[in-house]
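Engineer: This is the structure I have questions about; it appears just below.
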Amino acid sequence: MTMDVPSLALVAWANVCVIWGTTYLVIRIGVSEVPPFLFAGIRWLIAGFVFTAALRLKGTALPARRELGHLAVVGVLLLGLGNGLVVFGEQWVASGPAALMITTTPLVMVALESLLPRRPRLNLAVAGGLLLGLAGVLLIFGVDLEAFSDPGNRSGLLSLLGAVFFWSLGSLYSKYVRLAVHPFMGAAVQMIIAGAVLTLAGALAGEIPRLHWEARGLWALAYLVIVGSFVGYPSYIYAVAKLPLAFVSTYAYINPVIALFLGWLVLDEPLGLKVAGAAALILAGVWCVKRGATRP
């Protein structure tokens, strides 16, 4: 029995909720073995070419030439900058706090969307939610000023903030620029474009001499390609295309819970009061923004 579009879109959203909660741990393991930009670039290149080939075997059409520019913008914003900066930042930031940082994405999405013509402006609930989310971010990184003075910690924080901004921007662009290409084929092409950009960035950054594959790095790459890319990213693209953006972005409620638990279980990442307080502030902020954004 085939599923209707709303049911399939909800399954896609559920995939994003669970799968992306696990990827923060896997990325953290991967960047401990492999240089970040090459790690991310190789992942998306492999996933993109394999996914494109599989879709072509099923008869899915390639995108029209006029659509390639739009796909390139989305691919670079979401995967090249959004995901690439997460990978880069997790060299210094543990997987749990990194997931909490990315949880602020719905806040930034709603803030950016409010700037578009004929879109709802910020109201009190949204503004309050944005302030709560900012307070949570400051609690993660601002309490331990000595740790924040470390250049690596600053690089990690700025990378994750950049990832949130570019992922939000790419999601909005993907939502409002309608394309005729099948969503899965569009996602596959975006993977190839982003993979090429990230691999080039890694080469220019001098990562090639440091590229040595060990068992942990290979397992991390395989998981991210098969589960994170083949299942997670197409699910996100499909959910964004078929469901309200405000609803889709609620995956951010679930991702950090999974990431924090796995980081504690596998990598002994601490779960102290500071992390719990930051999680409470950020999730409360997301809830306020969602409530305010859905008001007429």
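The values are calculated or read from the model by the stated rules, or taken from the named source; none is laboratory data. Fair warning: this is a prediction, and the values are worked out from it, not measured in the lab. Heads up, the Cβs are rebuilt from the backbone with ideal geometry, glycines too, and the neighbour counts pull from every protein chain shown.
Engineer: Determine which member of the set Pro270, Pro296 is out of contact with any Pro (no Cβ under 6 Å at 6 or more places or on another chain), at pLDDT below 70 and outside any helix (DSSP H, G or I).
Structural biologist: Step by step, each of Pro270, Pro296 is checked, and only Pro296 is out of contact with any Pro (no Cβ under 6 Å at 6 or more places or on another chain), at pLDDT below 70 and outside any helix (DSSP H, G or I).
Engineer: Suppose we filter the range 14-53 for residues that are in a helix (DSSP H, G or I), touching a residue at least 24 places away in the same chain (Cβ under 8 Å) and farther than 19 Å from Val74 by Cα; how many remain?
Structural biologist: 19
Engineer: Related question: Suppose we filter Leu179, Leu198, Leu218, Leu243 for residues that are at pLDDT 85 or above, surrounded by fewer than 20 Cβ atoms within 10 Å (Cβ to Cβ) and among the aliphatic types (A, V, I, L, M); which single one remains?
Structural biologist: Answer to the check: Leu218.
Engineer: While we're looking at this one, here's another question. Quick check: is even one residue across the range 279-287 part of a helix (DSSP H, G or I), out of contact with any strand residue (DSSP E or B) (no Cβ under 9 Å at 6 or more places or on another chain), more than 23 Å from Pro106 (Cα to Cα) and modelled with pLDDT of 80 or more?
Structural biologist: no
Engineer: Output yes when any residue across the range 112-133 is closer than 24 Å to Val26 by Cα and either in contact with a helix residue (DSSP H, G or I) (Cβ under 6 Å, 6 or more places away or on another chain) or buried (at least 17 other Cβ atoms within 10 Å of the Cβ) (or both), and no when none is.
Structural biologist: So far as the range 112-133 goes, no, none of its residues is closer than 24 Å to Val26 by Cα and either in contact with a helix residue (DSSP H, G or I) (Cβ under 6 Å, 6 or more places away or on another chain) or buried (at least 17 other Cβ atoms within 10 Å of the Cβ) (or both).
Engineer: A further question follows. Quick one: count up the residues across the range 56-93 that are over 11 Å from the mean Cα position of the chain (by Cα) and either assigned to a helix (DSSP H, G or I) or closer than 30 Å to Leu271 by Cβ (or both).
Structural biologist: Here is the first cut: in the range 56-93, the ones over 11 Å from the mean Cα position of the chain (by Cα) are 56-76, 88-93.
Next, only the ones that are either assigned to a helix (DSSP H, G or I) or closer than 30 Å to Leu271 by Cβ (or both) stay: 56-57, 65-76, 88-93.
Number of matching residues: 20.
Engineer: Something else: Only residues in the range 205-217 that are over 11 Å from Phe37 (Cα atoms) count as the first member; pair them with residues that are surrounded by 12 or more Cβ atoms within 10 Å (Cβ to Cβ) and modelled with pLDDT of 90 or more, Cβ under 6 angstrom, at least 6 apart or cross-chain, and list the lot.
Structural biologist: Between residues of the range 205-217 that are over 11 Å from Phe37 (Cα atoms) and residues that are surrounded by 12 or more Cβ atoms within 10 Å (Cβ to Cβ) and modelled with pLDDT of 90 or more, the close pairs are Arg210/Pro35; Glu214/Glu33; Arg216/Ile29; Arg216/Glu33; Gly217/Gly30; Gly217/Glu33; Gly217/Val34.
Engineer: Can you report the number of residues in the range 251-283 which are surrounded by fewer than 17 Cβ atoms within 10 Å (Cβ to Cβ) and under 24 Å from Ala127 (Cβ atoms)?
Structural biologist: Residues that pass the stated criteria total 3.
Engineer: Same structure again: Among the residues that make up the range 237-251, is at least one of them within 22 Å of Pro97 (Cβ to Cβ) and part of a helix (DSSP H, G or I)?
Structural biologist: Looking for residues that are within 22 Å of Pro97 (Cβ to Cβ) and part of a helix (DSSP H, G or I), one finds at least one in the range 237-251, hence yes.
Engineer: Exactly one condition in (1) aliphatic (A, V, I, L, M); (2) part of a helix (DSSP H, G or I); (3) surrounded by 15 or more Cβ atoms within 10 Å (Cβ to Cβ) is false for Ile226; which is it?
Structural biologist: Only one criterion is unmet by Ile226, namely (3).
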